Amino acid sequence: MRLSIFTVPSKIEAFFIEIGELSLFAARFFKETFSRPFEFKELLRQCYNMGNRSLLLVSVTGFILGLVFTLQSRPTLLDLGVESWIPSMVSISIVREIGPVIIALICVGRISSGIGAELGSMRVTEQIDAMEVSGTNPFKYLVVTRILATTLMVPLLIIFGDAIALLGSAIVEYLKSDMSFLLYFNKVFNALEFSDIFPAIIKTFFFGFAIGLVGTFKGYYCKNGTVGVGEASNTAVVYTSMLVFIIDFIAVFVTDIFSSIS
């Protein structure tokens, strides 16, 4: 009888097993995406539902983000005598980092949890099993359409939220320093460069993909009845939030490498 010198803790083992299952799930998604039939109607319906239902929440979040960030930054810049830098500093901070991450986390709580709960409910009530028996491909209809919808809609929501945040910042400057909206946005667009906007937009597609992937994965393989539905929704939010920060770190790291090379 051979004794193992090193025993992997069960939680760590379960974590790596789940990472492997998620990777296989992602591989199946890419395979099913390019195979017929294409569920265009369901894709459009999911895009509309995700965008329409999240629009108000993203708008309020972006507006408050712009207000709070400008109000918090203004006293420090006033003490330094560089009040004129407020539009450029706020715009670069919001567009490059704060806006995408904060709004992506809002989408995580709104979209990923909803997908996990919806598919989890369908799994425990055997609706997905019924689709498989009837000859329908539930993975393509339920999973592929939702992941594609989040990949397309989350970047649009983030861009819209960034615009609302800049509007909130402009309102603060208009009320505090009588700076006109035209002057404010002239300074904003003069400060922003292609190297600020392009990486920020690219990483939002990865945010959207992660939100859809984890939400559908947790819901599609939900277990333990109605209790599992709540667990699927909760773990989808936790895992996706962690993935958003990891993707953001990788994006910043890669951008910094390219900027140092150029």
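Using the basic label-point model (7 angstrom from Cα toward the beta carbon), what is the LEU57 to PHE253 distance in nanometres?
3.0 nm
What is the helix-to-structure angle for 181-191, meaning the angle in degrees between its Cα long axis and the longest Cα principal axis of the chain, kept from 0 to 90 and rounded to the nearest 10?
70 degrees
From the residues GLY51, PHE217, ALA251, which one has its Cα farthest along the dipole of the chain in the positive direction, the dipole being from +1 and -1 charges on Cβ of Lys/Arg and Asp/Glu about the Cα centre?
Final value for the positive-end residue is PHE217.
Per-residue HN-Hα couplings for region 32-48, Karplus 6.51 cos²θ - 1.76 cosθ + 1.60 at θ = phi - 60°, whole Hz, x for Gly and Pro?
Values per residue, Gly and Pro as x: 6, 4, 9, 10, 7, x, 9, 8, 5, 5, 5, 4, 5, 5, 5, 4, 5 Hz.
How far apart, in nanometres, would the label points at LEU67 and ASP129 be if each is projected 7 angstrom from Cα along the Cα-to-Cβ direction?
5.0 nm
Please check which bits of region 211-241 a label hung off LYS11 would reach, taking the label as a point 7 Å along Cα-to-C-beta and the cut-off as backbone N under 19 Å.
Counting backbone N atoms under 19 Å from the label point, the list is 231-232, 234-241.
Testing the spin-label approximation: label points 7 Å from Cα along Cα→Cβ at PHE189 and MET242. State their distance in nm.
Rounded to a tenth, the inter-label distance reads 4.3 nm.
Top mean-square fluctuation among TYR220, TYR184, TYR174, Gaussian network model of the chain, C-alpha springs under 10 Å?
Comparing TYR220, TYR184, TYR174 in the GNM, the peak value goes to TYR174.
Whole-Hz ³J(HN,Hα) for each residue in region 74-89, computed from phi via Karplus 6.51 cos²θ - 1.76 cosθ + 1.60 with θ = phi - 60°, x for glycine and proline: what do you get?
Per residue, the Karplus-derived 3J(HN,Hα) values read 4, x, 5, 5, 5, 4, 7, x, 10, 4, 5, 7, 4, x, 5, 5 Hz.
Quick one: net charge around ALA251, please, counting Lys, Arg +1 and Asp, Glu -1 for every other residue with C-beta under 15 Å from its C-beta.
-2
Quick check: Cα centre of region 99-152 to Cα centre of region 226-246, how many Å?
Result: 13 Å between the Cα centres.
Let me spell out the model: positive unit charges on the Cβ of Lys and Arg, negative unit charges on the Cβ of Asp and Glu, origin at the Cα centre of the chain. What dipole size does that give, in debye rounded to 20?
520 debye
Once the convex hull of the alpha carbons of the chain is built, what does its volume come to per residue, in cubic angstrom?
202 Å³
Looking at this model, which pairs from LYS203/LYS223; LYS31/LYS218; LYS140/LYS223 are more than 25 angstrom apart at the alpha-carbon?
As for pairs spanning more than 25 Å Cα to Cα, those are LYS203/LYS223.
Figure the gain on full extension for TRP85 and TYR48 (residue separation times 0.36 nm, minus the Cα-Cα span) and round it to one decimal in nm.
9.5 nm
Quick check on packing: order 241-254, 93-106, 68-81 by the mean number of other C-beta atoms within 10 Å, highest mean leading.
Descending packing order for the listed peptides: 93-106, 241-254, 68-81.
What ranking, highest mean first, results for peptides 121-130, 16-25 when packing means the other Cβ atoms within 10 Å averaged over each residue?
In decreasing order of mean packing, 121-130, 16-25 become 121-130, 16-25.
So what is the calculated 222 nm ellipticity per residue for the chain, using -39500 (n - 2.57) for each DSSP H run with n of 4 or more, over all residues, to the nearest 500 deg cm²/dmol?
Computed mean residue ellipticity for the chain: -27500 deg cm²/dmol.
Give me a comma-separated list of calculated 3J(HN,Hα) values for region 145-161, in order, Karplus coefficients 6.51, -1.76, 1.60 applied at θ = phi - 60°, integers in Hz, x for any Gly or Pro.
For region 145-161, the Karplus-derived couplings read 5, 6, 5, 5, 5, 5, 5, 8, 8, 4, x, 5, 5, 5, 4, 5, x Hz, x marking Gly and Pro.
Give me the net charge for the shell around TRP85: Cβ to Cβ below 12 angstrom, other residues only, Lys and Arg +1, Asp and Glu -1.
Local net charge: 0.
Set the Förster radius R0 to 35 Å, insert the Cβ-Cβ distance between ILE202 and THR136 as r into 1/(1 + (r/R0)^6), and round the FRET efficiency to 0.05.
Computed FRET efficiency for ILE202 and THR136 comes out at 0.50.
Listed highest first by mean packing, meaning other Cβ atoms within 10 Å per residue, what order do 32-43, 188-199 come in?
188-199, 32-43
Computed from the coordinates by the stated procedures, all read-outs in this text should not be read as laboratory data. Quantities reported herein were computed from a predicted structural model and do not represent experimental measurements. In this analysis, Cβ positions are derived from the backbone assuming ideal geometry, glycine residues included, and neighbour counts consider all displayed protein chains.
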